[in-house]
1. Run down the lysines and flag those whose C-alpha is under 24 Å from the C-alpha of LYS152, throwing out any fewer than 8 positions away in its chain.
2. P(r) tail for the stretch 1-56, what percent of Cα pairs lie past 13 Å?
3. Ratio to report: Rg/Rh of the stretch 1-134, with Cα atoms as the point set and Rh obtained by the Kirkwood method; give two decimals.
4. Could you calculate the contour length gain from GLN225 to GLN193, that is, 0.36 nm times the residue separation minus the distance between their Cα atoms, to one decimal place in nm?
5. Using +1 at the Cβ of each Lys and Arg and -1 at the Cβ of each Asp and Glu in the chain, identify which of GLY144, SER125, THR268 lies farthest towards the dipole's positive end.
6. Which order do the peptides 84-95, 367-378, 25-36 come out in when sorted by mean C-beta neighbours inside 10 angstrom, highest first?
7. Based on the mean of other Cβ atoms within 10 Å per residue, sort peptides 144-155, 68-79, 46-57 so the most packed one is first.
8. If R₀ is 35 angstrom, what is the calculated FRET efficiency for the pair GLN78 and LEU383, using the beta carbon separation as r and rounding to 0.05?
Amino acid sequence: MKQDLYREFKRLFDKNAVNAYFSPGRVNLIGEHIDYNGGLVMPCAITFGTYILVAANNENVFRFRSLNFDEKLDIPVQRSYSKTGETWYNYPLGIIDHFLKENIELSGLDLLFYGDIPISSGLSSSASIEVATAFLLNDFFDLGYSKLNLVKFSKKVENEFIGVNCGIMDQFAVAFGEKDKALMLNCDTLEYQAVDSNLGEYCLAIINTNKPRKLAESKYNERVQECQQALKALQQELDILNLCDIDEHVFNQHKHLISDPVVLKRATHVVQENDRVKLAAIALAASNLSGFGQLMYASHDSLKNLYEVSGIELDTIAEYGKTNADVAGARMTGAGFGGCGIALVKESGFENFKQGMIDYYTAKIGYAPSVYQSAIGDGVGILKELENSDI
């Protein structure tokens, strides 16, 4: 497939690509709806992602091509750009715009994008494109920015150029991901710990509900407001800035301050989920995959019953996991309201799991999910094996 990308680049631009880059997608193993509450999340990079091939041109033009979308763009190098419609190339264009606003001198590039992340699945295809483009520019023009700089640039582009009010977890995970390691990230301080996560005889199953997750149409903003309401109530007695500044023991001593029963449910999930991330890190570091799997199920149950962001599609994925002896744990991942679930599945039983999941889900939902197998992979980087390609 990678060599095919080189051939396509030469066909489209009548020249050889000079370099190739890869940025993964991500899944959040545990710690959901925590990022905007100042707590701990545990994402990892996956082995699906965004590939970009690049060569300089002498026409002082940025040329964007994709093997996933028909839309293309040829646009002169200028001092700034603005978002155009909803096309895919807004993501790399936004990154270029940000670099230009940093007073970086850029010259014309021919760019070919290819992604194998399922679109609208909640696996962060947008963050993958943003970080890949930022890393490419930093490397190609030898700009000297740190990886954390690139993460912050990418989040700013998502927030201001694209117009999506996301946290920093997605960009952070696809940049700093490491093979066989989960990242326990403090969303408030951006301190993180790479947790050994050798899955042994297990692999990661990613199950796309094929019900697209559209945050703007969801209850996402409502949940954010409910958490802010809970925090304000607790601040009557507690000197805290975020819900995740306290553990469940302290929360139980002060939860009487939250008078709205719905808001209490939301806050209970957040505090308990933050504690679950700490327990998950201990379980993974000890290769206690059974214990980690039980935390996955507990997380899903909390997102279903307390935070109410799952839905029948995601619940069906978790339900099926409990019927299959090769599954250690399963849960929804991402913001919910569609998107993906994940499961920890014995690699030897993956094909049976895949068919069983498709049959169970289709019987209940009326259409099939898409089921993928992934390992925990590395973050953004240069595809060194393609550097010396003679194609």
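1. LYS83, LYS101, LYS179, LYS181, LYS214
2. On the way: 1048 of 1540 pairs.
Cα-Cα pairs of the stretch 1-56 separated by over 13 Å account for 68 percent.
3. Working: Rg = 16.1 Å, Rh = 16.0 Å.
So for the stretch 1-134, dividing Rg by the Kirkwood Rh gives 1.00.
4. Values: separation 32, 0.36 × 32 = 11.52 nm, distance 2.92 nm.
Value of the extension gain: 8.6 nm.
5. Looking along the dipole axis, the top candidate is SER125.
6. Working: 84-95: 19.7, 367-378: 17.8, 25-36: 27.3.
Ranking the peptides 84-95, 367-378, 25-36 by packing returns 25-36, 84-95, 367-378.
7. On the way: 144-155: 18.4, 68-79: 12.7, 46-57: 21.9.
For the peptides 144-155, 68-79, 46-57, the packing ranking is 46-57, 144-155, 68-79.
8. Details: r = 30 Å, r/R0 = 0.84.
According to the calculation, E is roughly 0.75.
Any read-out appearing in this document is the output of simple, stated calculations on the displayed coordinates, not a laboratory observation. Keep in mind that what you see is a predicted model, and the values were worked out from it rather than measured. Methodologically, a virtual Cβ is constructed for each residue, glycine included, from the backbone with ideal geometry; neighbour enumeration extends over all protein chains shown.
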